[in-house]
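The values are calculated or read from the model by the stated rules, or taken from the named source; none is laboratory data. All figures in this text were calculated on a predicted structure; none of them were measured in a lab. Positions of Cβ are generated from backbone atoms using ideal geometry, with glycine treated the same way; all protein chains shown enter the neighbour counts.
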Amino acid sequence: MSDTATVKNHAAFIWSVADLLRGDYKQSEYGKVILPLTVLRRLDCVLDPTKAKVIDRYARIQGTIENVEPVLRSVSGEGFYNIHPLDLPKLLDDPGQLAANLRAYIAGFSAGAREVLEKFDFDTQVTRLDRANLLYLVMSKFAEIDLHPDRVSNLEMGYLYEELIRRFSELSNETAGEHFTPREVIRLMVNLLFAEDADVLTKQGIIRTIFDPACGTGGMLSVAEDYLRQLNPGAGLEVYGQELNEETYAICRSDMMLKGQEASNIAVGNSLSDDDGHAGRTFDYCLANPPFGVEWKKIEEAVRKEHDKLGFRGRFGAGLPRINDGSFLFLQHMISKMKPVDEGGSRIAIVFNGSPLFTGAPGSGESEIRRWIIENDWLEAVVALPDQLFYNTGISTYFWIVSNRKSPERRGKVQLIDARDLFVKMRKPLGEKRKQISDDQIAEVTRLYAEFAASERVKIFPNEAFGYLRVTVERPLFQTWRLTLGALASLEKSRTWKKWLEEGHAVIADELFGASGPCGMLWGQEWADAKSLQLDLITALDGSEVPAQVLKELVKQAAESDPAGTLQTARGGHPLPDAGLRATENVPLPAVPVVWEQDVSDRLGSTSYVRAVEDQVDADVRPYSPDVWVDFDKTKIGYEIPVTRHFYRYVPPRPLAEIDTEIRDIESDVQVLLAKVTT
């Protein structure tokens with residue numbers, strides 16, 4: 001029987017168990033029973049040939065050595081073992097004690113295997129099945145299936161388990177997208193991740209490592225492993241991952257166990273906090289579909305602590321994104337896992353929504369993270385994907401390809417690929433997923449990426465094309481001072497005025513500043529400078545005990561911007577800026593070599609940067625406002641990646657005559673329908 005037939009037949013049989021659960025379980029809950037029992041049956045079959053030897057050895061060494069695990073693992077010949085005297089079929093011999101015996105059997109596994117079943121929370125399902133009188137029926141079904149390695153290889157078992165995961169994820173549309181990435185999306189992603197390394201990966205005996213910090217059910221790691229196996233059966237791919245959700249972690253880790261991978265390479269916990277399960281390790285490849293648009297408030301304290309204390313010695317030195325989207329934290333985490341260039345370097349593929357492309361003003365966490373990545377020449381490509389590709393969101397998504405070992409022709413450049421219209425409509429939507437990418441379209445995007453040639457779908461830009469200078473343009477301040485009801489109202493809202501009244505001066509305030517008071521004669525008048533107004537106020541008040549702070553506040557509130565007023569200057573004679581007329585301009589970065597480590601202030605003060613700013617201001621602003629100047633102290637460097645803008649295609653509006661004709665036709669149709677209704 002072929003590999004494909006074996007997988008399909010076994011999957012169909014296991015899937016038939018779901019019929020027993022119908023009514024007592026929702027469809028979305030079937031996996032809580034079937035997946036852990038599939039794992040349990042496979043482990044049972046794998047251990048069958050050496051089970052008796054393990055039990056015998058355990059009986060002889062029990063109590064004589066502290067750590068029996070290495071010895072028993074050696075006897076079993078696997079990375080796990082079981083010391084319970086029964087196996088799954090024999091558990092059925094005592095139906096009345098099946099639940100208790102099954103729990104004892106599970107407790108007999110070695111720590112790693114037992115942990116997987118605990119993370120599934122399988123004990124809860126044992127109780128539930130037992131109460132529904134389903135435990136014996138379900139266990140009987142699983143005892144019938146033969147999953148011995150000589151019947152179902154590790155490769156076939158991996159495919160079988162993946163098929164079950166896919167089916168259960170599709171049944172649970174509302175949560176599938178949290179842990180399950182569509183397989184055609186992963187295939188495209190893996191193609192791009194490995195595209196530059198085809199020559200290396202075909203070498204006999206090559207071994208590479210790959211890491212997914214948000215591995216979910218392990219689909220990305222599985223597809224990557226399958227890709228390399230097809231490319232080079234003699235190559236080895238060691239997979240590593242981490243997953244926050246315990247049940248999903250159990251699925252991923254059990255998948256690794258069933259395939260013969262080192263299951264301990266899958267860690268549980270939050271990759272971004274202190275629970276990094278692979279701290280200090282680096283990998284040849286990293287890939288992820290992290291949660292995007294999800295706030296990271298729960299781990300904010302740990303992340304900010306690392307950012308503040310360690311800087312670039314930690315993972316988040318470049319900056320922190322806004323609290324409502326932590327996807328950029330995952331990319332920084334993955335970059336920290338890249339091998340140094342002298343050790344071969346690394347490549348990263350990650351799925352993002354549109355936010356990391358452009359969110360954040362110059363100097364913000366997001367902009368600084370983009371600047372750090374691009375100025376280090378790590379960003380290799382961005383691929384714009386169709387919308388409605390994922391189960392739990394219909395928004396547009398993007399692949400980022402990041403590498404610290406770019407090929408010579410890619411150095412200093414970023415490739416943008418527009419694949420937004422490369423999709424086929426699905427006959428039946430799955431949640432928000434209404435589109436998929438066909439095999440031919442996967443091949444087309446892979447070809448566009450590998451060829452690295454500009455076309456209608458491909459744009460290639462130098463790194464600096466994504467950077468800009470946000471410059472502040474000032475205009476001189478001209479002011480006039482007027483005592484108006486508005487100025488008085490602003491004075492009364494000030495803290496200085498309120499404090500004076502709280503000290504018991506409300507009555508005298510009304511007397512002095514009211515319309516009939518000594519200052520009343522000044523209302524409506526105009527002054528050319530603050531000093532003149534202040535002197536007139538002092539004269540009008542004629543020695544009244546009004547604090548100098550109150551008079552100063554009134555003079556401040558009386559000031560108005562007025563083009564016909566007096567130019568205000570600083571002590572050195574330079575004009576003061578009018579904050580109300582302040583504007584910002586975006587100036588493209590000059591095409592000069594950039595070194596990330598270079599101090600930003602040195603760069604902004606360089607001749608090339610100053611000239612670029614002044615040239616643009618001369619061209620765009622000074623023809624209309626000759627007296628403007630640039631406040632270079634406020635200049636900031638920003639980076640954004642406007643993918644859709646670069647692929648915008650202008651579509652001219654239809655001729656008015658054509659629109660008029662269409663409207664008249666519609667009106668005629670409406671009249672006909674109305675006539676039918678009224679007759």
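Taking every residue in region 441-453 that is among the basic types (K, R) and pairing it with any residue that is modelled with pLDDT under 95 and surrounded by fewer than 18 Cβ atoms within 10 Å (Cβ to Cβ), at least 6 positions away or on another chain, yields no pair with a Cβ-Cβ distance below 9 Å.
Sub-7 Å Cβ pairs linking a first residue in region 17-42 that is farther than 17 Å from E247 by Cβ and modelled with pLDDT of 85 or more to a second residue that is polar (S, T, N, Q) and part of a helix (DSSP H, G or I), at least 6 apart or interchain, number zero. Residue count for region 364-390 under the criterion of being surrounded by fewer than 21 Cβ atoms within 10 Å (Cβ to Cβ) and hydroxyl-bearing (S, T, Y): the result is 1. Looking across region 75-90, just one residue is assigned to a helix (DSSP H, G or I) and of a type in the set (S, T, Y), and that is S76.
Condition check ((1) in contact with a helix residue (DSSP H, G or I) (Cβ under 7 Å, 6 or more places away or on another chain); (2) within 30 Å of E380 (Cβ to Cβ); (3) part of a strand (DSSP E or B); (4) of a type in the set (D, E)) across all residues:
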residue: T472; (1), (2), (3), (4): no, no, yes, no
residue: A489; (1), (2), (3), (4): no, no, no, no
residue: L501; (1), (2), (3), (4): yes, no, no, no
residue: H505; (1), (2), (3), (4): no, no, no, no
residue: P518; (1), (2), (3), (4): yes, no, no, no
residue: S532; (1), (2), (3), (4): no, no, no, no
residue: L535; (1), (2), (3), (4): no, no, no, no
residue: E545; (1), (2), (3), (4): no, no, no, yes
residue: L551; (1), (2), (3), (4): yes, no, no, no
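Exactly one residue out of A591, A612 is in contact (Cβ under 8 Å) with a residue 40 or more places away in the chain, closer than 30 Å to I374 by Cα, hydrophobic (A, V, I, L, M, F, W, C) and buried (at least 17 other Cβ atoms within 10 Å of the Cβ), and it is A612.
Checking the structure you have, find out if any residue of region 439-457 is in a strand (DSSP E or B) and not acidic (D, E). No, region 439-457 contains no residue that is in a strand (DSSP E or B) and not acidic (D, E). Look at region 194-207: where a residue is within 14 Å of D284 (Cβ to Cβ) and a partner is among the polar types (S, T, N, Q) and surrounded by 17 or more Cβ atoms within 10 Å (Cβ to Cβ), sitting 6+ places away or on another chain with Cβ atoms under 6 Å, you get L201/N232.
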